[in-house]
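**Q** My questions all concern the structure below.
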Amino acid sequence: MSSLNERIETLRARYGNRLAILGHHYQSDEVIRHVDFQGDSLELARKIDTLSAEHVVFCGVYFMAESAVALARPGQKIHIPDAQATCPMAEMAPAQRVEDVLTALRDDGRLVIPLAYVNSTAEVKAVCGLYGGSVCTSANAKVMLEWALQQGDAVLFLPDKNLGHNTANQLNIDTTERLEIDIRDEGRRLDHKKAQYARLLLWPGACAIHHGFKKSQIQALRLARPGVRVVVHPECPQGVVRAADGAGSTSYLIKYCANAPAGAKIAVATECNLVNRLAARHKAEGKEIFPLKPLACSNMAKTNEERLLALLENLDTATPLSLSDDVTEHSRVALERMLRICA
Ligand code: 13P
Ligand code: SF4
């Protein structure tokens, strides 16, 4: 019996250019070896409309595949090997709650523009499209927040408060101009008085993995390993980003490690599949790359070779991912705004 690896490769060859497999950097090595294109969220979103394949298999988490559906060409079928691979942070901002809170804020007479981190549901992106807002990724959050601030009186940034604060720090938005809002009770607990004075209203969501990194871990590491460099993903808390030597998207972290000189010791604060891959890739150059703390994304790990093979074996009869026409149309508006602004 041939291995999973061989069976997947045989099917890939059989489908030829009818199939494209995309993978996020957090996927395991066993999955990544089968992808045609690997990237961060922005690169993957940009890739979709360049693909002519009839079937696109998206190895990542659900919101990424949903964005692919919104951006796909007519007739193109988007599949995800495990539909249970969701991003818990995206679930922290249910679309109805977002719309309720946004409406309550606008009822106070200010034009509040919604800006959703790409780690959000397609329904939330559709709310952003409908209300004149857009989407951002960790790679373009600064440009997109600057843009959103110019479109109205204030910005509702969601769901990641850490990315919101870190981006606000880059733009020198004073802490007195920011408010982490209370979203409980359908927005009835909003402090309208404080919200009136804030330019940046932050949804109280965070990624459990990145929120688990601590400034004290960096401080302890610097004492134990003088000369160590530390780079982090901007979903980490503000204190972690401030204590680091650099922060950016997964592709930024990859480039940082590639460009570091031989002999560099680099601690990376992000999902450990990626960090371990970087460690192996640069070992021969004498670079020591290791996780600041070994934290894995269990949702990214739901895509494995077994599930990828099961999907490929039935691809022509598999039901592709779909969104309602409304959600497709309005989430595409929000996504295309981002792609246009950051072209
Ligand atoms: P990137 O856009 O940097 O790839 O990050 C996606 C993500 O889910 C980080 O947790
Ligand atoms: Fe979501 Fe965090 Fe996993 Fe990224 S690492 S997909 S933000 S849970």
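**Q** Would you work out if region 45-178 is rounded, prolate or oblate? Take a ≥ b ≥ c from the square roots of the eigenvalues of the alpha-carbon gyration tensor; rounded if a/c is under 1.5, else prolate when a/b is larger than b/c, oblate otherwise. Write down the numbers at each step before the final one.
**A** Values: a/c = 2.02, a/b = 1.85, b/c = 1.09.
Prolate, since a/c reaches 1.5 and a/b exceeds b/c.
**Q** Please give the length that would be gained between A258 and E288 if that part of the chain were fully extended, namely 0.36 nm times their separation in residues minus their C-alpha to C-alpha distance (nm, one decimal). Display every interim value, and only then the final one.
**A** Numbers: separation 30, 0.36 × 30 = 10.80 nm, distance 1.17 nm.
Separation in residues times 0.36 nm, less the Cα-Cα distance, equals 9.6 nm.
**Q** To continue, here is another question. Counting alpha carbon pairs within less than 8 Å and at least 6 residues apart, what relative contact order, in whole percent, applies to the chain?
**A** Working: 675 pairs, mean separation 74.3, N = 343.
Result for the chain is 22 percent.
**Q** Using the Kyte-Doolittle scale, find the helices of the chain whose mean hydropathy is at least 0.0 and whose Cα atoms extend 20 Å or more along the helix's long axis, counting only whole DSSP H runs.
**A** Helices meeting the criterion: none.
**Q** If you don't mind, there's one more thing I want to ask. Mind checking which of K293, K215, K193 has the largest fluctuation in a GNM of the chain, springs on alpha carbons under 10 Å?
**A** K193
**Q** With a 10 Å cut-off between alpha carbons and a GNM built on the chain, which of E186, E54, E285 moves the most?
**A** Fluctuation is largest for E285.
**Q** Straight-line reach from K215: which aspartates and glutamates fall under 20 Å, measuring Cα to Cα and dropping same-chain residues less than 8 apart?
**A** The qualifying aspartates and glutamates are D160, E235, D245, E271.
**Q** Classify region 273-343 as rounded, prolate or oblate, taking a ≥ b ≥ c as the square roots of the eigenvalues of its Cα gyration tensor: rounded when a/c is under 1.5, otherwise prolate if a/b is larger than b/c and oblate if not. Could you put the intermediate results ahead of the total?
**A** Values: a/c = 2.83, a/b = 1.47, b/c = 1.93.
Cα axes put region 273-343 in the oblate bin.
**Q** How big is the gap, in Å, between the Cα center of region 168-241 and the Cα center of region 110-137?
**A** Region 168-241 and region 110-137 have Cα centres spaced 19 Å from each other.
**Q** Among rounded, prolate and oblate, which fits the chain when a ≥ b ≥ c are the square roots of the eigenvalues of its C-alpha gyration tensor, a/c under 1.5 means rounded, and a/b larger than b/c means prolate? Walk me through the intermediate numbers first.
**A** Working: a/c = 2.14, a/b = 1.16, b/c = 1.84.
Taking the square roots of the gyration eigenvalues as a ≥ b ≥ c, the chain is oblate.
**Q** Right, something else. Show the residues, 5+ positions off or on another chain, whose built amide H is closer than 5 Å to the amide H of C136.
**A** Long-range HN contacts for C136: A116, Y117, V118.
Each reported figure results from applying straightforward, stated rules to the coordinates on display, with no laboratory input. It should be emphasised that the depicted structure is a prediction, and the values quoted were computed from it without experimental measurement.
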